[in-house]
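Please read the structure below before turning to the comments.
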Amino acid sequence: MAGGTKRLPRAVREQQMLDAAVKVFSENGYREASMDSIAAEAEISKPMLYLYYGSKDELFSACIERESTRFIEAMSVGFDPSLRQRDQAYTVVKEFLRFVDEHRQSWKVLYRVAVGTQTFSHFVSDSRKRVTEMVTELIRAGTTVEGARDIDFELTAVALVGAGEAVADRITEGDVDLETATDLLVGITWRGLKGVGTADAGLD
């Protein structure tokens, strides 16, 4: 425990603390998580934890910032202008859901704990806005329907991101596997992409 803590580079120690904090926050929520439990999870002393992060608010903010950056980076990997539209949609959805599947604690901290904590909810709003903007550009770039308006692209992106978040929640609960969720969300995304700007989109 704390008495046998090895000396590590500051950057490594910070990541160790953030890893522990994400785990504790995801399992207990913001209010119930304590600096004592986070220090114990990180196998360091509480004074050392406070030396790096002066308060629980500061530590939680650092967690959100790191996890939201990771999320945006994972989403960005999926954007490849050289791909066909359907392949692009599949790649973006796959990278999104893969992140959720591989970082379930991160997702819970961002979209459950932070969203439900008024002080920090704006961090998630900013992250969601950036993802929605990326999806909007994907839709705009791949749409061939004449007369489609900016609001058509934007609202379709909002709907798709919302659907993605709902599916992601089911993944974190173990209700659906990654492959099934990916196929489902790609189908929804593809219908949305094809239907932008048409009043009877998806209706045969």
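The values are calculated or read from the model by the stated rules, or taken from the named source; none is laboratory data. A quick note: this is a predicted structure, and the numbers were derived from the prediction, not measured. With ideal geometry, Cβ positions are generated from the backbone for all residues, glycine too; neighbour counts draw on all protein chains shown.
Got at least one residue in region 41-57 being within 30 Å of Met134 (Cα to Cα) and in a helix (DSSP H, G or I)?
Yes, that holds for at least one residue.
From the list Val145, Val109, Val167, exactly one residue is modelled with pLDDT under 85 and either among the β-branched types (Val, Ile, Thr) or under 17 Å from Ile72 (Cα atoms) (or both). Which is it?
Matching residue, one of Val145, Val109, Val167: Val145.
Report yes if some residue within region 129-139 is at pLDDT below 85 and touching a Pro at 6+ places or on another chain (Cβ under 9 Å); otherwise report no.
No, every residue in region 129-139 fails to be at pLDDT below 85 and touching a Pro at 6+ places or on another chain (Cβ under 9 Å).
Residue by residue through region 3-31, note down the ones that are surrounded by 20 or more Cβ atoms within 10 Å (Cβ to Cβ) and either farther than 28 Å from Gly116 by Cα or without any contact (Cβ under 8 Å) to a residue 24 or more places away in the chain (or both).
Once the filter is applied, which keeps residues that are surrounded by 20 or more Cβ atoms within 10 Å (Cβ to Cβ) and either farther than 28 Å from Gly116 by Cα or without any contact (Cβ under 8 Å) to a residue 24 or more places away in the chain (or both), region 3-31 yields Ala20, Val24.
Inside region 99-132, can you point out the residues that are closer than 17 Å to Gly162 by Cα, touching a helix residue (DSSP H, G or I) at 6+ places or on another chain (Cβ under 7 Å) and basic (Lys, Arg)?
Within region 99-132, Lys108, Arg128, Arg130 meet the criteria.
Could you please find all residues in region 32-42 being free of Cβ contacts under 8 Å to residues at least 12 places away in the same chain and either more than 14 Å from Phe60 (Cβ to Cβ) or among the basic types (Lys, Arg) (or both)?
Asp36
Within region 72-123, how many residues turn out to be assigned to a helix (DSSP H, G or I) and of a type in the set (Gly, Ala, Ser)?
6
Restricting the search to region 152-166, which residues are surrounded by 15 or more Cβ atoms within 10 Å (Cβ to Cβ), of a type in the set (A, V, I, L, M) and within 14 Å of Leu184 (Cβ to Cβ)?
Result: Leu160, Ala163.
Pick from Val100, Val77, Val92: which is closer than 26 Å to Ala62 by Cβ and over 11 Å from the mean Cα position of the chain (by Cα)?
The match here is Val77.
Of all the residues that make up region 175-192, how many are small (Gly, Ala, Ser) and touching a residue at least 24 places away in the same chain (Cβ under 8 Å)?
Of the residues in that region, 2 qualify.
Condition check ((1) within 24 Å of Val12 (Cα to Cα); (2) surrounded by fewer than 20 Cβ atoms within 10 Å (Cβ to Cβ)) across all residues:
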residue: Ile44; (1), (2): yes, no
residue: Gly54; (1), (2): yes, yes
residue: Cys63; (1), (2): yes, no
residue: Arg66; (1), (2): yes, yes
residue: Ile72; (1), (2): yes, yes
residue: Ser76; (1), (2): no, yes
residue: Phe79; (1), (2): no, yes
residue: Val93; (1), (2): no, no
residue: Leu97; (1), (2): no, no
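On the given criteria, is Val131 part of a helix (DSSP H, G or I), closer than 19 Å to Phe60 by Cβ and not polar (S, T, N, Q)?
Criteria not met by Val131.
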